[in-house]
Ligand SMILES: Cc1ncc(C[n+]2csc(CCOP(=O)(O)OP(=O)(O)O)c2C)c(N)n1
Ligand SMILES: [Mg+2]
């Protein structure tokens, strides 16, 4: 099996038992250490990754890491994420959306690199920065945009909005406004897969769950509780930290403690502390993310338990569309813009003969068409009826809003005489 080691830096560790025997020798040599027993945390390594095994056809160039089909799929997915969100920004400032909207621009390589590997029956859990995760998992652009517009045709029938994308059909278990809330939900999804296989004896139950969250979220308790339980029960759960260096205006460097001997607050090192592999990956490179995710997914499917992946990434916009983004330095932004994952993949595809300029243009044209179409669809879709507010709250909606005459209050004259007026960018007023 080909393993890729990007670099070996002093202070970094990885569980040797997670590394094949052939690699253990090489890693020991690289790290300048004397022989060590498998299982001891002695190797200085930044990232290990396995080869891609998902595609049926071989890469067209012997040097290419993926097939043309996979490369095109990744490119399409990343461009869709980017262009969809550019459209979100336009529509938000035109008052078509209400509440807060957090864009993902810049981080697409993480969503595409991980989620495009998954099967339909695998689960994904997101955060409030969730539109692109939903798209990568197959929720249609129409359903996501309509949800952002608060329309009945949205994936949550307009009741979730930007931060709560959910689709049972696609096993997207939600965006969550409270940071860290989604991680235990992901754990539950992983648990049901394990329970089916180990307790109910369903040999085919090998689905995995990927939970996405940010660097700031790694300093809340639910992260640690979930690491503990995932390791304890060897759950098929992949923790994907999208480290974009900032938690609103709080720098990761100021907010997170260092593991002993480190200058930098690495999150991936918290994995081995709980008995699972921790992997650091360049989150601006979709192919590297895919390699690392492939290894973690295969490991989870084999029943070998969770992995913690830290993807170094960056958001190209403010925390939300209401953030003037004045805290981050121009130099820092320029440094990461130069590493934009989309042109990087395009260059790779052209250099490795995975696509022609015409192929790439066709993918971009297709995205433009899909984005235009979803906005038109969302705009023309109907708003939810008021009665919908009483649904999905109680098993019997009459437990809430029941009038003395036995009818729902919303059915009484006057209940729905007001109009929801959008007052961007802050929220809405009833009058
Ligand atoms: C439990 C909880 N505490 C505080 C907040 C306020 N809050 C919203 S976003 C955020 C920062 C999260 O940063 P990070 O996890 O790095 O995600 P990013 O926004 O960078 O994607 C905070 C603290 C919240 N939403 N939930
Ligand atoms: Mg962050």
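Looking for whichever is more than 21 Å from residue 236 (Cα to Cα), away from ligand 2 (no atom under 16 Å from the Cβ) and touching a residue at least 24 places away in the same chain (Cβ under 8 Å) here; the options are 87, 163. Which one fits?
Only one candidate qualifies: 87.
Mind counting the residues in segment 303-331 that are free of Cβ contacts under 8 Å to residues at least 24 places away in the same chain and surrounded by fewer than 17 Cβ atoms within 10 Å (Cβ to Cβ)?
Looking only at segment 303-331, we keep the residues that are free of Cβ contacts under 8 Å to residues at least 24 places away in the same chain, and these are 318, 324-326, 329-331.
From the residues that got through so far, the ones that are surrounded by fewer than 17 Cβ atoms within 10 Å (Cβ to Cβ) too are 324-326, 329-331.
Of the residues in segment 303-331, 6 are free of Cβ contacts under 8 Å to residues at least 24 places away in the same chain and surrounded by fewer than 17 Cβ atoms within 10 Å (Cβ to Cβ).
Any idea which residue in segment 218-247 is nearest to residue 296 (Cα to Cα), counting only those that are away from ligand 2 (no atom under 16 Å from the Cβ) and assigned to a loop (DSSP other than H, G, I, E, B)?
Ranking the candidates gives 236 first.
Could you look through segment 249-261, keep only residues that are at pLDDT 95 or above and within 30 Å of residue 117 (Cβ to Cβ), and pick out the one that is nearest to ligand 1 (Cβ to nearest atom)?
252
Going by the structure shown, is residue 259 outside any strand (DSSP E or B) and within 15 Å of ligand 2 (Cβ to nearest atom)?
no
Would you tally the residues in segment 170-217 being part of a loop (DSSP other than H, G, I, E, B) and either within 16 Å of ligand 2 (Cβ to nearest atom) or in contact (Cβ under 8 Å) with a residue 24 or more places away in the chain (or both)?
Residues flagged as part of a loop (DSSP other than H, G, I, E, B) and either within 16 Å of ligand 2 (Cβ to nearest atom) or in contact (Cβ under 8 Å) with a residue 24 or more places away in the chain (or both) within segment 170-217 amount to 15.
Can you spot a residue in segment 145-152 that is more than 15 Å from ligand 1 (Cβ to nearest atom), free of Cβ contacts under 8 Å to residues at least 40 places away in the same chain and under 17 Å from residue 392 (Cβ atoms)?
yes
Looking only at segment 352-384, count how many residues are without any contact (Cβ under 8 Å) to a residue 12 or more places away in the chain and farther than 23 Å from residue 136 by Cα.
As a first pass, look at segment 352-384 and keep what is without any contact (Cβ under 8 Å) to a residue 12 or more places away in the chain: 356-358, 361-362, 365, 369, 372, 376, 380.
Narrowing further to those that are farther than 23 Å from residue 136 by Cα: 356-358, 380.
The total comes to 4.
Working only within segment 212-239, note down all residues that are within 12 Å of ligand 1 (Cβ to nearest atom) and in contact with a strand residue (DSSP E or B) (Cβ under 7 Å, 6 or more places away or on another chain).
212, 213, 214, 215, 216, 218
In the set 336, 348, which member is within 16 Å of ligand 1 (Cβ to nearest atom), in contact (Cβ under 8 Å) with a residue 40 or more places away in the chain, out of contact with any helix residue (DSSP H, G or I) (no Cβ under 6 Å at 6 or more places or on another chain) and part of a helix (DSSP H, G or I)?
After ruling out the rest, the residue left standing is 336.
Quick test for you: out of 381, 417, pick the one residue that is farther than 27 Å from residue 314 by Cβ and at pLDDT 95 or above.
None of the other options fit; the residue is 381.
Going through 287, 280 one at a time, which residue ends up being closer than 23 Å to residue 208 by Cα and within 16 Å of ligand 2 (Cβ to nearest atom)?
Every option except 280 fails the conditions.
The values are calculated or read from the model by the stated rules, or taken from the named source; none is laboratory data. Everything quoted here is computed from the prediction, not taken from an experiment. Note: ideal-geometry Cβ built from the backbone for every residue, glycine included; neighbour counts use all protein chains shown.
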